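Okay, so here's the structure we're looking at.
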Amino acid sequence: MEVRNNYINGQWQASVSGATREVINPSNGEVIALVTDSVAEDSKQAIAAAKAAFYQSGAWRRMAGPKRADLLLRIADAIAARADELAVMDTLDNGKPLREARCDVDDAAACFRYYAGLITKPQGGVYEVSDGFGPMHAYSMHEPVGVCALITPWNYPLLMAAWKLAPALAAGNAVVFKPSEVTPLSAVALFEIFHQVGLPAGTANLVLGSGPAAGQELAASHDVDMITFTGSTRTGQTIAAAAVGNLKKVGLELGGKSPNVIFADADLEGAVEWAMIGVFFNQGEVCSAGSRILIEESIKDRFVARLAERARAMSIGPGMKDPDMGAIVSAAQLEKVLGHIERAKQQGATLVCGGVRHTEGECAKGYFVQPTIFDNCTRDMDIVREEVFGPVVAIQTFTSEAEAIAMANDTPYGLAGGVFTTDGARALRVVKEIRAGVTWINCYNPTFNEAPWGGYKMSGYGRDLGVNGLLEYQQVKQVNINLQPGPVGWYQH
Ligand code: TXE
């Protein structure tokens with residue numbers, strides 16, 4: 001089997017470790033590829049290449065914005081041209097349904113287009129300033145941060161790469177990218193595209209390997225000016241601690257336990273379907289998943305019965321067959337999800353449906369879990385407090401708006417939240433009170449390249465996407481201009 005390698009300074013190269021890692025198809029447990037398994041030394045080489053590209057050559061950061069935009073547009077076109085292949089890659093690697101992977105590919109191409117457009121728009125400001133030193137004028141300009149390390153998780157392999165690489169490159173940075181070791185394949189394809197469109201050598205570097213062996217160096221290195229990370233809150237804390245050494249800029253998009261608040265006046269069928277999208281999309285492996293449904297007491301029984309009916313009817317199977325729900329990403333994540341389910345049962349939550357590994361027919365060797373609903377959940381249960389990252393939802397009830405808001409915010413996380421009601425004013429009141437960075441009214445989970453994405457509280461800081469996503473990868477420089485050069489007569493002697 002051919003081994004996929006790192007891409008450093010414009011060259012494909014194996015890790016100095018000489019080791020390889022198997023990439024597994026979670027739908028059947030089979031090995032689908034081998035990738036090089038990097039160690040800290042590989043990351044050091046990639047950082048050195050990025051540093052030389054940014055600080056010595058400067059070809060990319062000095063390139064005029066519209067020319068950088070041209071290359072990003074060509075990257076978007078190349079992603080679109082390989083869309084079918086990339087969707088299959090993410091489906092085989094991650095386990096998700098093929099049509100969901102196709103959406104990811106389209107979104108990834110659109111993300112590169114969005115930042116190609118944005119980088120050619122006016123940035124910075126011009127300021128009227130006081131004339132204490134004589135006539136002066138000030139303006140601000142946006143500059144790239146420098147060497148940026150980007151680390152992504154396994155739930156949206158290509159899309160998370162695009163969310164970080166597109167704005168980082170648009171801004172003129174040099175980057176070192178480490179995808180999750182569990183789902184590295186589409187990242188390799190993306191770097192083939194970077195090579196093909198002719199990004200200057202060293203501008204974008206790829207390191208394939210585990211977090212502790214290859215990722216930690218990216219967080220700790222004093223030659224890295226910024227690190228952005230999407231993943232678990234615990235790893236985010238490790239990265240933030242390691243980043244302190246040179247006070248590099250840090251962006252963290254971390255876990256969640258997001259509330260989906262449903263009032264009695266909501267459109268019930270709509271709320272049920274969006275709640276399913278909220279918690280079963282991508283097998284529930286979504287940081288913003290609406291994994292706590294808070295439902296008004298009076299409609300709880302009707303809602304739960306309908307949700308369970310719909311959940312039981314979901315088709316489960318290999319992503320390539322395009323089922324409603326695919327496989328959990330890995331054996332380790334499967335164990336984690338099943339462990340959460342067991343604990344919820346032990347702690348007294350009522351299992352309504354699912355709650356077991358799915359092994360029927362061609363799912364026998366894969367890592368499948370049935371869509372799972374727990375009713376009668378209470379605030380002290382782990383299923384209410386901890387991120388599962390699987391197709392498991394906890395139901396709690398409320399009887400007033402104030403109680404719903406208090407329950408929604410009763411979590412250390414603050415990534416997302418939703419509200420369903422036909423009372424427009426109430427929808428706006430509740431959304432305003434939810435302490436989270438991403439919210440929805442009468443829908444759950446759609447997100448757009450144009451709008452900023454990120455968390456409050458222990459869901460992290462910094463934003464992906466939108467104008468804010470570009471600003472993260474920039475520094476702002478103030479320029480003060482003396483309009484009347486010569487002595488100002490400040491010192492008398
Ligand atoms: O995540 P990690 P894991 C949550 C979810 C899941 C749990 C564990 O609850 O069950 O995390 O998943 C890299 N220095 N989320 O273990 O460890 C790692 O190689 C530098 C939520 O896969 O956070 C990978 O590239 N990098 C989440 C990335 O971090 C390190 C998405 C994510 O891995 C590192 C995924 C280190 N010391 C999991 N250790 C979300 N919020 O979207 C690991 N990594």
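The values are calculated or read from the model by the stated rules, or taken from the named source; none is laboratory data. These figures come from a predicted structure and were not determined experimentally. No Cβ is skipped: glycine too gets one built from the backbone with ideal geometry, and neighbour counts run over all protein chains shown.
In region 93-101 there is at least one residue that is under 16 Å from residue 182 (Cα atoms) and acidic (Asp, Glu). Just one of the listed residues (460, 354) is within 26 Å of residue 335 (Cβ to Cβ), away from the ligand (no atom under 16 Å from the Cβ) and in contact (Cβ under 8 Å) with a residue 24 or more places away in the chain, and it is 354. Of all residues in region 190-199 being touching a residue at least 60 places away in the same chain (Cβ under 8 Å) and surrounded by fewer than 17 Cβ atoms within 10 Å (Cβ to Cβ), which is nearest to residue 38 (Cα to Cα)? Here the residue is 195.
A single entry from 303, 281 fulfils the requirement of being away from the ligand (no atom under 16 Å from the Cβ), in contact with a helix residue (DSSP H, G or I) (Cβ under 9 Å, 6 or more places away or on another chain) and not assigned by the TED database to the domain that holds residue 202: 303. When residue 198 is tested against (1) within 14 Å of the ligand (Cβ to nearest atom); (2) farther than 22 Å from residue 42 by Cβ; (3) small (Gly, Ala, Ser); (4) in contact with a helix residue (DSSP H, G or I) (Cβ under 9 Å, 6 or more places away or on another chain), just one condition goes unmet, and that condition is (1). On the stretch given as region 203-216, residues that are crowded, with 24+ Cβ neighbours inside 10 Å and more than 8 Å from the ligand (Cβ to nearest atom) total 6. Filtered by the rule that a residue be among the aliphatic types (A, V, I, L, M) and closer than 24 Å to residue 282 by Cβ, region 382-402 gives 383, 384, 388, 392, 393, 394, 395. If you go through region 241-278, how many residues are crowded, with 17+ Cβ neighbours inside 10 Å and within 14 Å of the ligand (Cβ to nearest atom)? Number satisfying all stated conditions: 12. The criterion of at least 1 residues that are crowded, with 23+ Cβ neighbours inside 10 Å and among the hydroxyl-bearing types (Ser, Thr, Tyr) is met by none of the helices (runs of 4 or more DSSP H) falling completely within region 379-493.
Count of region 283-319 residues, restricted to those that are in a helix (DSSP H, G or I), crowded, with 17+ Cβ neighbours inside 10 Å and in contact (Cβ under 8 Å) with a residue 60 or more places away in the chain, is 8.
The criterion of at least 1 residues that are crowded, with 17+ Cβ neighbours inside 10 Å, touching a residue at least 60 places away in the same chain (Cβ under 8 Å) and charged (D, E, K, R) is met, among strands (runs of 3 or more DSSP E) falling completely within region 1-83, by 20-25.
Within region 111-133, how many residues are aliphatic (A, V, I, L, M) and either in contact with a strand residue (DSSP E or B) (Cβ under 6 Å, 6 or more places away or on another chain) or over 17 Å from residue 168 (Cβ atoms) (or both)? The total comes to 2.
The set of residues in region 218-232 that are buried (at least 19 other Cβ atoms within 10 Å of the Cβ) and either within 24 Å of residue 456 (Cα to Cα) or near the ligand (Cβ under 8 Å from one of its atoms) (or both) comprises 218, 219, 225, 226, 227, 228, 229, 230, 231. Of all the residues in region 88-144, those that are more than 19 Å from the chain's Cα centre (by Cα) and either hydroxyl-bearing (Ser, Thr, Tyr) or in a loop (DSSP other than H, G, I, E, B) (or both) number 15.
Of the residues making up region 442-464, just one is aliphatic (A, V, I, L, M) and either assigned by the TED database to the domain that holds residue 231 or closer than 17 Å to residue 232 by Cα (or both), namely 458. Filtering region 338-378 to residues that are part of a helix (DSSP H, G or I) and not acidic (Asp, Glu) leaves 338, 339, 340, 341, 343, 344, 345, 346, 361, 363. Any idea how many residues of region 132-160 are buried (at least 24 other Cβ atoms within 10 Å of the Cβ) and among the hydrophobic types (A, V, I, L, M, F, W, C)? Total satisfying the criteria: 7.
Within region 336-348, is even one residue surrounded by 15 or more Cβ atoms within 10 Å (Cβ to Cβ), among the β-branched types (Val, Ile, Thr), over 23 Å from the mean Cα position of the chain (by Cα) and under 28 Å from residue 407 (Cβ atoms)? Checking region 336-348: at least one residue is surrounded by 15 or more Cβ atoms within 10 Å (Cβ to Cβ), among the β-branched types (Val, Ile, Thr), over 23 Å from the mean Cα position of the chain (by Cα) and under 28 Å from residue 407 (Cβ atoms). Taking the condition assigned by the TED database to the domain that holds residue 13, in contact with a Phe, Trp or Tyr (Cβ under 6 Å, 6 or more places away or on another chain) and more than 8 Å from the ligand (Cβ to nearest atom), does residue 191 pass? Yes: the conditions hold for residue 191.
Look at residue 141 and say whether it is closer than 30 Å to residue 488 by Cα, in contact with a Gly (Cβ under 8 Å, 6 or more places away or on another chain) and not hydroxyl-bearing (Ser, Thr, Tyr). Yes.
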